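For reference, the structure discussed in these notes is given below.
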């Protein structure tokens, strides 16, 4: 009976102990919630991973792990054989571009001199015609004097007339072609073609007879030439008679009229060209225009040579910059943590080669419970203590407060238990004496808040 009673009592006693332990645990936690906010973390240093901007084979490495380096100190150097060869090539191209520019500038000066010479010659020639130009008579109905319009105005008017003459000639050609496509037109064209050919034959035969008359003791040649001329004359008369017979048709007048208008339009265009050419004197002469065009072409060549020189200079500068970047220097001062390269290895651009720890920029990341989040503020000063120096208190400053909660990380050490979620707090550590080292466990004491939200 006693054994049975003990079996019933033991579970009850065990359950009672669990309840008592839980109450004590909750009392400790709740009591801790009322005290200063404390958290633990590890001293960390900001790391800078150095990588080359340009790939290549490692030639020399100047630092080892544990070496303290200053800003700008050489870390390693890559092979620059290829870049040096390219630099020599770019230097030759730069010299060639400079020579080309010099030649182009000389051509510009020559073209400018030629333009000045052409202007001088044109102005001298124009002076001879100026007095007579003012004495020219004007056509009937034109009441303005000959000197009234400037040369530019006359040239523009002549150009307008030239364009009008070109349009008129085009219209007459189209009209004539339309008429010549009629039956009588086709017949007249054939007759005209035959008449033109026989006329040329007659002219040639006449020339042959004239040469035969000059020959000595050549009666046979003279007779043959006379016979050739007679045949040509007969053919010319027959072609002329055929052409005259077609002219009796009423439609022939349309063809003749179209031919006349076409000839007049062509004569108008020729006269317009001649008039415009006569006005192109002095600064507007063709010689000056040609010299001006040559100068503009030389200037364009000079601009192109200048652009080529600028490009060659840029390519040269790029190669010099690439060669400079083959010597990789420390971007910050700090302690070399890792060195993952050796001479002879080939590095790709952006591949981390050396890691530098900023021993003067120490950080500690701690995690606080969600229910005490409001007790931390940015830039607040905190007290930091480490086991290595129990009598020293270091000062820190809250640098960042996470704006999102996360589940408690496995490796977080806290002075109090946490059940669910936490917030990360990043703290900047002030250690001018250089006592703290990366990896040291540290305890952080936050200041008490007077007014918590």
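Only one residue in 223, 152 is out of contact with any strand residue (DSSP E or B) (no Cβ under 6 Å at 6 or more places or on another chain), under 30 Å from residue 283 (Cβ atoms) and loosely packed, with under 15 Cβ neighbours inside 10 Å, so which one is that?
On the way: 223 fails: under 30 Å from residue 283 (Cβ atoms).
When all the criteria are applied, what remains is 152.
Test residue 420 against the criterion of being modelled with pLDDT under 90, under 18 Å from residue 37 (Cα atoms) and surrounded by 12 or more Cβ atoms within 10 Å (Cβ to Cβ), and give yes or no.
Working: modelled with pLDDT under 90: yes; under 18 Å from residue 37 (Cα atoms): yes; surrounded by 12 or more Cβ atoms within 10 Å (Cβ to Cβ): no.
No: the conditions fail for residue 420.
From the residues in the range 269-327 that are crowded, with 17+ Cβ neighbours inside 10 Å and outside any helix (DSSP H, G or I), which one is modelled with the highest pLDDT?
326
Pairs please, first residue from the range 425-440 and more than 16 Å from residue 383 (Cβ to Cβ), second anywhere and part of a loop (DSSP other than H, G, I, E, B), Cβ atoms under 9 Å, 6+ apart in sequence or on different chains.
Qualifying pairs under 9 Å: 426/402; 437/388.
Return only the number of the condition from (1) in contact with a helix residue (DSSP H, G or I) (Cβ under 6 Å, 6 or more places away or on another chain); (2) at pLDDT below 90 that residue 228 does not satisfy.
Every listed condition holds for residue 228 apart from (2).
Which residue is surrounded by the most Cβ atoms within 10 Å (Cβ to Cβ), if the candidates are limited to the range 184-204 and must be in contact (Cβ under 8 Å) with a residue 12 or more places away in the chain and within 19 Å of residue 256 (Cα to Cα)?
Only one residue tops the list, namely 188.
Could we say that residue 239 is touching a residue at least 40 places away in the same chain (Cβ under 8 Å) and more than 26 Å from residue 267 (Cβ to Cβ) here? Quick ask: steps written out before the conclusion?
On the way: touching a residue at least 40 places away in the same chain (Cβ under 8 Å): yes; more than 26 Å from residue 267 (Cβ to Cβ): yes.
So residue 239 fits the description; yes.
The values are calculated or read from the model by the stated rules, or taken from the named source; none is laboratory data. Keep in mind that what you see is a predicted model, and the values were worked out from it rather than measured. Positions of Cβ are backbone-derived with ideal geometry, glycine not excepted, and every protein chain shown enters the neighbour counts.
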